[in-house]
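The values are calculated or read from the model by the stated rules, or taken from the named source; none is laboratory data. Here the structure is a predicted model, which means the values were calculated and not measured. All Cβ positions, glycine included, derive from the backbone under ideal geometry; neighbour counts span all protein chains shown.
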Amino acid sequence: MQIEKDYARVLSGVRHGHTLGSPIGMYIENKDWANWQEQMSITPIEGEVKRVTRLRPGHADLPGVMKYGQQDVRNVLERASARETTARVAAGAVCQRLLEEFGIAFRSHVISLGKIKATPREPIDWDRVEESPVRCADPAVEKEMMALIDAAREAGDTVGGVFEVIAYGVPVGLGSHVHWDTKLDALIAQAFMSINAVKGVEIGPAFGNTELPGSQVHDIIERASEGPVPFRHVTNRAGGIVGGMSNGEPIVVHVAVKPISTLGRPLPSVDLDTGERVQAHYERSDVCQVPPACVIGEAMLALVLADAFMEKFGGDHLVETRRNYVGYVKGLRERFGPGRGAAGADERPPDDT
């Protein structure tokens with residue numbers, strides 16, 4: 001929400017603007033904490049504790065209290081709150097800064113809210129996205145999206161939608177086709193599905209591709225006259241990943257976010273203590289979280305790609321990692337460049353034995 005002005009303060013792991021190799025510790029102060037010192041006190045308090053017992057549809061309340069044997073829903077709702085993603089964004093920013101050294105950049109925008117769909121022109125004006133209140137690249141529908149949110153607020157309702165995250169400059173070969181738990185698209189899907197209210201993830205236009213024949217889905221490969229890789233794809237319908245590995249094209253992730261579960265006009269529910277029919281508990285809430293979820297999505301994609309990048313190129317120092325990366329890219333050109341043949345004119349592949 002707009003009242004939240006939290007920011008991360010670096011406490012350790014950085015000296016004079018450079019990382020030391022030790023863990024980077026960051027502190028994020030929750031400005032709203034002062035209003036909850038008694039309710040969330042670490043030590044016992046005198047008098048009766050104001051418990052939350054009215055379960056909220058769409059939240060973690062019901063399975064949380066059942067699984068962990070809680071008698072106060074607040075013990076579940078505070079831990080399940082999307083406020084924890086603040087720490088992910090802070091950590092993701094560090095990963096984005098690392099990958100920036102290798103020409104990898106992250107962008108995100110809202111492509112739909114409710115039934116309103118954006119059709120942004122290519123190339124996307126990312127400066128405009130950053131200025132848009134709803135992170136929309138299509139000025140023709142931006143006001144419609146804002147009106148939809150306002151109408152939902154007036155009705156005591158909420159709005160969901162779909163956003164897109166793109167990682168540019170990702171080298172070919174991150175991830176693996178060898179094991180199920182090292183496939184890059186599987187790791188990305190897990191990361192995005194862990195974001196609160198996310199209920200669906202696709203790499204590229206995956207669901208749309210199911211409606212087309214294979215001849216209109218798979219990306220044609222051709223020689224590339226320039227760039228770090230000697231081959232390129234004419235299109236990017238695969239969303240930058242094939243066989244669990246990055247293919248050198250931008251990685252594109254579409255993410256479906258359900259409407260916020262806390263409604264201004266609560267739905268019917270039951271009381272945890274009595275089992276009686278009640279209106280669900282209302283906790284402070286916004287109306288639409290799709291635009292801010294874009295930023296969380298960038299952070300999660302950066303976390304996954306940074307891990308895959310360091311697994312591929314390693315190194316204990318940025319100079320060493322860059323040397324490994326440059327050597328890998330140079331080797332691709334030397335081995336598979338024009339006129340070199342499958343294994344290179346003057347190089348034989350290693351014996352499989």
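For the stretch 262-294, how many residues meet the condition of being closer than 27 Å to K117 by Cβ and surrounded by 19 or more Cβ atoms within 10 Å (Cβ to Cβ)?
Of the residues in the stretch 262-294, 9 are closer than 27 Å to K117 by Cβ and surrounded by 19 or more Cβ atoms within 10 Å (Cβ to Cβ).
Hey, E122 hits all of (1) modelled with pLDDT under 95; (2) farther than 25 Å from F231 by Cβ; (3) not aliphatic (A, V, I, L, M) but one; which does it fall short on?
Tallying (1) modelled with pLDDT under 95; (2) farther than 25 Å from F231 by Cβ; (3) not aliphatic (A, V, I, L, M), E122 fails exactly one: (2).
Does the stretch 29-51 contain at least one residue that is at pLDDT 95 or above and in a loop (DSSP other than H, G, I, E, B)? Reasoning before the result, please.
At the first step, the residues of the stretch 29-51 found to be at pLDDT 95 or above are none.
No, every residue in the stretch 29-51 fails to be at pLDDT 95 or above and in a loop (DSSP other than H, G, I, E, B).
State which residue pairs qualify: first residue under 20 Å from L62 (Cβ atoms) and inside the stretch 76-95, second residue crowded, with 16+ Cβ neighbours inside 10 Å and among the charged types (D, E, K, R) in any location, beta carbons under 6 Å apart, and separation of 6 or more residues or different chains.
Listed pairs, sorted by first residue: V76/D61.
Here are some conditions: (1) of a type outside the set (G, A, S); (2) touching a helix residue (DSSP H, G or I) at 6+ places or on another chain (Cβ under 8 Å); (3) touching a residue at least 12 places away in the same chain (Cβ under 8 Å). D219 meets all but one. Which one does it not meet?
(2)
With the condition kept exactly as written, say whether any residue in the stretch 12-19 is among the basic types (K, R), surrounded by 10 or more Cβ atoms within 10 Å (Cβ to Cβ) and either in a loop (DSSP other than H, G, I, E, B) or not assigned by TED's automatic domain parsing to the domain that holds P259 (or both). Even if it seems obvious, please write down each step before you answer.
So in the stretch 12-19, the residues among the basic types (K, R) come out as 15.
After this cut, where a residue has to be surrounded by 10 or more Cβ atoms within 10 Å (Cβ to Cβ) as well, the list is none.
Checked the stretch 12-19: no residue is among the basic types (K, R), surrounded by 10 or more Cβ atoms within 10 Å (Cβ to Cβ) and either in a loop (DSSP other than H, G, I, E, B) or not assigned by TED's automatic domain parsing to the domain that holds P259 (or both).
Of the residues G58, G47, which is more than 29 Å from A90 (Cβ to Cβ), outside the structural domain of D6 (by TED's automatic domain parsing) and out of contact with any strand residue (DSSP E or B) (no Cβ under 9 Å at 6 or more places or on another chain)?
Of the residues listed, the single one that is more than 29 Å from A90 (Cβ to Cβ), outside the structural domain of D6 (by TED's automatic domain parsing) and out of contact with any strand residue (DSSP E or B) (no Cβ under 9 Å at 6 or more places or on another chain) is G47.
Examine the stretch 174-187 for a residue that is under 24 Å from K199 (Cα atoms), within 19 Å of the chain's Cα centre (by Cα), surrounded by 15 or more Cβ atoms within 10 Å (Cβ to Cβ) and free of Cβ contacts under 8 Å to residues at least 60 places away in the same chain, and state whether such a residue exists. Break it down into steps so the answer makes sense when it comes.
Residues of the stretch 174-187 that are under 24 Å from K199 (Cα atoms), as a first pass: 175, 180-187.
So of that shortlist, the ones also within 19 Å of the chain's Cα centre (by Cα) come out as 175, 181-187.
Going one step further and asking which of them are surrounded by 15 or more Cβ atoms within 10 Å (Cβ to Cβ), we end up with 175, 182-187.
Still in the running and free of Cβ contacts under 8 Å to residues at least 60 places away in the same chain: 185-186.
The answer is yes, given that some residue of the stretch 174-187 is under 24 Å from K199 (Cα atoms), within 19 Å of the chain's Cα centre (by Cα), surrounded by 15 or more Cβ atoms within 10 Å (Cβ to Cβ) and free of Cβ contacts under 8 Å to residues at least 60 places away in the same chain.
Being surrounded by 21 or more Cβ atoms within 10 Å (Cβ to Cβ) and of a type in the set (G, A, S) is the filter; apply it to the stretch 100-142 and report the residue that is farthest from P291 (Cα to Cα).
A118
Restricting to the stretch 200-218, count the residues that are surrounded by 10 or more Cβ atoms within 10 Å (Cβ to Cβ) and within 30 Å of G160 (Cβ to Cβ).
Within the stretch 200-218, the subset surrounded by 10 or more Cβ atoms within 10 Å (Cβ to Cβ) is 200-209, 212, 216-218.
Going one step further and asking which of them are within 30 Å of G160 (Cβ to Cβ), we end up with 200-209, 212, 216-217.
Of the residues in the stretch 200-218, 13 are surrounded by 10 or more Cβ atoms within 10 Å (Cβ to Cβ) and within 30 Å of G160 (Cβ to Cβ).
Of all residues in the stretch 1-41, which are free of Cβ contacts under 8 Å to residues at least 60 places away in the same chain, in contact with a Ser or Thr (Cβ under 8 Å, 6 or more places away or on another chain) and of a type outside the set (S, T, Y)?
Within the stretch 1-41, G13, P23, G25 qualify.
Give, as residue ranges, the strands (runs of 3 or more DSSP E) completely inside the stretch 245-320 that count at least 1 residues that are in the same structural domain as V178 (by TED's automatic domain parsing) and within 20 Å of the chain's Cα centre (by Cα).
Numbers: elements: 251-257, 268-270, 277-279.
Strands (runs of 3 or more DSSP E) meeting the threshold: 251-257.
Checking G331 against (1) outside the structural domain of A137 (by TED's automatic domain parsing); (2) in contact (Cβ under 8 Å) with a residue 12 or more places away in the chain; (3) among the small types (G, A, S), only one condition comes out false. Which one?
Checking G331 against (1) outside the structural domain of A137 (by TED's automatic domain parsing); (2) in contact (Cβ under 8 Å) with a residue 12 or more places away in the chain; (3) among the small types (G, A, S), the one that fails is (2).
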